[in-house]
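Report on one structure; see the data block that follows.
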Amino acid sequence: RVWKIMSFPSGINRPLLNKLYGVLSAFLSWHSKAYMIRFDISLYDSLPHNHKISKFRSIVVKSLESYYQSTVVFGWVREQNSTDDKCHYHCFVLLNGHKANSTNTTFDIVQHALALVVDINAYFPENCDYEIQRNSLASFQKALFRLSYLAKNDSKNGKPSAAKGYYFSHIEHKR
């Protein structure tokens, strides 16, 4: 298959794009319907590590899994133009689409996590949610196109060497 992805002057990180594709397809091997929500996290201070986003992710995942009684996949990609620039993270969550169908609960849980992790802020862009059907190439294409933004080469060169550039929950394809 050939998938349509976003195009950038500096190109795209194909291994990262392949990982995004793998996470999305593995999740759909477990759930015939997925609900994806895209949002951004910014830090007031750029740190040489990802401890704040890790703590934030842990709170959000535990809360969403408790609420929906289902596995949640969380992913983030760190961006920072230079060592002086503030870092930010492009994030997504994948939820069981049979249990989740709106951004309200995720938005509330993210707001709660923001109160527990100091000096971070969240932004939910317009049209940040996608319902993806396992057997619908069109719905998969829309979600993958949106996720392809995370694989752009721009804004990734200022990351400190000790910090990871991305994280995705581990999920295996169902056999």
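No value in this document is a laboratory result; all are computed from the given coordinates. As the structure is a computational prediction, the values presented were derived from the model and not from experiment. All Cβ positions, glycine included, derive from the backbone under ideal geometry; neighbour counts span all protein chains shown.
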- Task: Largest first and in whole Å, give the semi-axes of region 77-130's equivalent ellipsoid, each being the square root of 5 times a Cα gyration tensor eigenvalue.
- Result: 25, 15, 9
- Task: Hand me the chymotrypsin sites (Phe, Trp or Tyr not before Pro) from region 1-41 located in a DSSP loop with no more than 16 other Cβ atoms within 10 Å, in residue order please.
- Result: Trp3
- Message: Between Ser32 and Ser7, what's the calculated FRET efficiency when r is the beta-carbon distance and R0 is 41 Å? Round to 0.05.
- Response: 0.85
- Query: Which value in nm describes the separation of the simple spin-label points at Ala138 and Leu47, placed 7 Å from the Cα toward the beta carbon?
  - Reply: 4.4
- Stretch gain in nm, segment Ser54-Asn153, where the contour uses 0.36 nm per residue and the Cα spacing is subtracted: 33.4 nm
- Task: Just grab the label-to-label distance for Ser25 and Lys99, each label 7 Å out from Cα along the Cβ direction, in nm (one decimal).
- Result: 2.6
- FRET efficiency, Asp119 to Ser169 (Cβ-Cβ, R0 35 Å, nearest 0.05): 0.90
- Item | Sparse-neighbourhood loop sites, trypsin sites (Lys or Arg not before Pro) in region 1-83 - DSSP loop, at most 14 other Cβ within 10 angstrom | Arg1, Lys4
- Message: Please list the three semi-axes, largest first and in whole Å, of the ellipsoid equivalent to region 25-118, using sqrt of 5 times the eigenvalues of its alpha carbon gyration tensor.
- Response: 26, 15, 10
- Theoretical gain in end-to-end length, Lys86 to Tyr67 [0.36 nm per residue, Cα-Cα removed]: 3.6 nm
- Item | For the chain, the longest site-free run once GluC sites (Glu not before Pro) in DSSP loop states with at most 13 other Cβ atoms within 10 Å are removed | 1-125
- Using just the helices of the chain, give the 222 nm mean residue ellipticity in deg cm²/dmol: DSSP H runs with n ≥ 4 each add -39,500 (n - 2.57), and the total is spread over all residues, rounded to 500. -11000 deg cm²/dmol
